[in-house]
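Working notes, beginning with the structure itself.
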Amino acid sequence: MRVARYIGNGNVAIVDEPTPACPPGGLLVRTEACGLCSGELMAWYMDRKVPHVLGHEVAGIVEASEDDRFPIGSRVFPHHHAPCLQCERCRQGNYVHCDQWKRTKLQPGGMADLFAVGAENLNDTIHVDDLRPIDAALIEPLACVVKSVYGVTVLRSSGLSGEPNTATPRTAVLGLGVMGLMHALLLAPTVVGYDLNPGRLEWARAQGIDARHPEQTEEADVVFVCPGSQAAFDSALRMVAPGGTIVMFAPLGPGEDLRVPQEAYFKDVRIHNSYSCGPDDTPAAADALRNGVVRAEQVVSDFIGMDELPAAYQAMKRGDILKPMVVF
């Protein structure tokens, strides 16, 4: 079968590898759609994983099953990490810090004709027969955004019904790449998005988002920082209201320490970090997709074949396209 393998130095190759077997107690899934994650563009993160098969934003049809809950022919979304649901971290709701969550993965990865889902991963695998494959493949990235947005106390009462929520505090999103765009779509209509890239601003406005250049900032109660940079954090600190919250959605690069100036103390600003997602977030993301809060066409710029992925990888890395998704 074909797999998309990251081979180092920012390059991807499509290669042939043996088809995996159905693991004991698990599933073998034929891929229908798989998105390219923006995190898979970070060379400092990816180079340490070489050789690595891309793909964790994925949905597909069960080809073989050793679990009666997931019969052959059903469409599923499997999270590439799944917690044990039993340890102290899981009981606290800190699923992403569970030892099992950290060690589980899809084999060999989602950007392949077929992939295996181990029995442990079924703790965060859900049925998505009622979703289009291209929407179901967005559950993982959208779940990360769900955790980011509703991890902030003042936003937890917001729902995902698609109805405007006039009680939502003033919110801002810095960076309108695909993850920032998802934040803005969940938070609409009480959100302003900011980006330097004219193409991203135009795309966001076409989705009904109030998208502006950073020179046009206004005060916000909650600011979501999607680029992992000191400059983005500094911009958030300038615009956040006294007593407000800054959410750091992405890390700074290796060896970089976030500088928090004294101003943050005197403004009484809360700094909240949000990393990945867990089994509380994935069903909520699936519901948001079912309710039409986010549609694939709003956040995926290029639906492509597997052979087009290496070029699309470079285009997304350059900022020429918003996001590619391979449709099998």
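The values are calculated or read from the model by the stated rules, or taken from the named source; none is laboratory data. No experiment lies behind these values; they were computed from the predicted model shown. Here the Cβ is made from the backbone with ideal geometry for all residues, glycine too, and neighbour counts use every protein chain on show. SASA here: full protein model, heavy atoms, side chains in, ligands and nucleic acids out. Shrake-Rupley method; radii C 1.70, N 1.55, O 1.52, S 1.80 Å.
Here are some residues: Ala311, Ala285. Which one is crowded, with 21+ Cβ neighbours inside 10 Å and either of a type outside the set (Lys, Arg) or in a loop (DSSP other than H, G, I, E, B) (or both)?
Checking each option against the conditions leaves just Ala285.
If I go through the stretch 176-190 residue by residue, how many of them are within 15 Å of Lys323 (Cβ to Cβ), open to solvent by 10 Å² or more (accessible area, probe 1.4 Å) and not in a helix (DSSP H, G or I)? Full working, then the answer.
At the first step, the residues of the stretch 176-190 found to be within 15 Å of Lys323 (Cβ to Cβ) are 176-185.
Still in the list and also open to solvent by 10 Å² or more (accessible area, probe 1.4 Å): 177, 179, 185.
Still in the running and not in a helix (DSSP H, G or I): 177.
Looking only at that region, the number is 1.
Scan Leu138, Leu131 and give me the residue that is at pLDDT 95 or above, aliphatic (A, V, I, L, M) and crowded, with 22+ Cβ neighbours inside 10 Å.
So the residue among Leu138, Leu131 that is at pLDDT 95 or above, aliphatic (A, V, I, L, M) and crowded, with 22+ Cβ neighbours inside 10 Å is Leu138.
I'm trying to understand the selection: among the residues of the stretch 141-169, which are open to solvent by 20 Å² or more (accessible area, probe 1.4 Å) and either touching a helix residue (DSSP H, G or I) at 6+ places or on another chain (Cβ under 6 Å) or modelled with pLDDT of 95 or more (or both)?
Scanning the stretch 141-169 gives Lys147, Arg156, Leu160, Pro169.
Hey, does the stretch 252-259 have a residue that's surrounded by 15 or more Cβ atoms within 10 Å (Cβ to Cβ), modelled with pLDDT under 95 and of a type in the set (A, V, I, L, M, F, W, C)?
Yes, that holds for at least one residue.
Could you look through the stretch 219-273, keep only residues that are assigned to a helix (DSSP H, G or I) and of a type in the set (Asp, Glu), and pick out the one that is nearest to the chain's Cα centre (by Cα)?
Here the answer is Asp234.
For the stretch 288-308, name all the residues that are buried (at least 18 other Cβ atoms within 10 Å of the Cβ) and within 30 Å of Thr245 (Cβ to Cβ).
Ala288, Leu289, Val293, Val294, Ala296, Gln298, Val299, Val300
I'd like the residue in the stretch 191-218 that is of a type in the set (Asp, Glu) and part of a loop (DSSP other than H, G, I, E, B) and, out of all such residues, is least open to solvent (accessible area, probe 1.4 Å).
At the first step, the residues of the stretch 191-218 found to be of a type in the set (Asp, Glu) are 195, 202, 210, 215, 218.
Right, trim to part of a loop (DSSP other than H, G, I, E, B) and you get 195, 218.
Details: Asp195: 15, Glu218: 91 Å².
Among them, the one singled out is Asp195.
How many residues does the stretch 261-282 contain that are touching a helix residue (DSSP H, G or I) at 6+ places or on another chain (Cβ under 8 Å) and either open to solvent by 30 Å² or more (accessible area, probe 1.4 Å) or polar (S, T, N, Q) (or both)?
Qualifying residue count for the region: 9.
Which members of the stretch 309-328 meet the condition of being under 30 Å from Gly244 (Cβ atoms) and either among the hydrophobic types (A, V, I, L, M, F, W, C) or modelled with pLDDT of 95 or more (or both)?
Matches in the stretch 309-328: Leu322, Lys323.
Within the stretch 314-328, can you find the residues that are of a type outside the set (A, V, I, L, M, F, W, C) and either surrounded by fewer than 19 Cβ atoms within 10 Å (Cβ to Cβ) or out of contact with any Leu (no Cβ under 6 Å at 6 or more places or on another chain) (or both)?
Gln314, Lys317, Arg318, Gly319, Asp320, Lys323
Would you please name the residue that is farthest from the chain's Cα centre (by Cα), looking only at residues in the stretch 37-62 that are at pLDDT below 95 and of a type in the set (A, V, I, L, M, F, W, C)?
That would be Val50.
Of all residues in the stretch 117-126, which are surrounded by fewer than 22 Cβ atoms within 10 Å (Cβ to Cβ) and outside any helix (DSSP H, G or I)?
Listed by number, the residues that qualify are Gly118, Ile126.
Of all the helices (runs of 4 or more DSSP H) wholly in the stretch 6-109, which have at least 1 residues that are in contact (Cβ under 8 Å) with a residue 60 or more places away in the chain and open to solvent by 30 Å² or more (accessible area, probe 1.4 Å)?
43-46
Looking only at the stretch 229-251, which residues are touching an Asp or Glu at 6+ places or on another chain (Cβ under 7 Å) and open to solvent by 40 Å² or more (accessible area, probe 1.4 Å)?
Pro242
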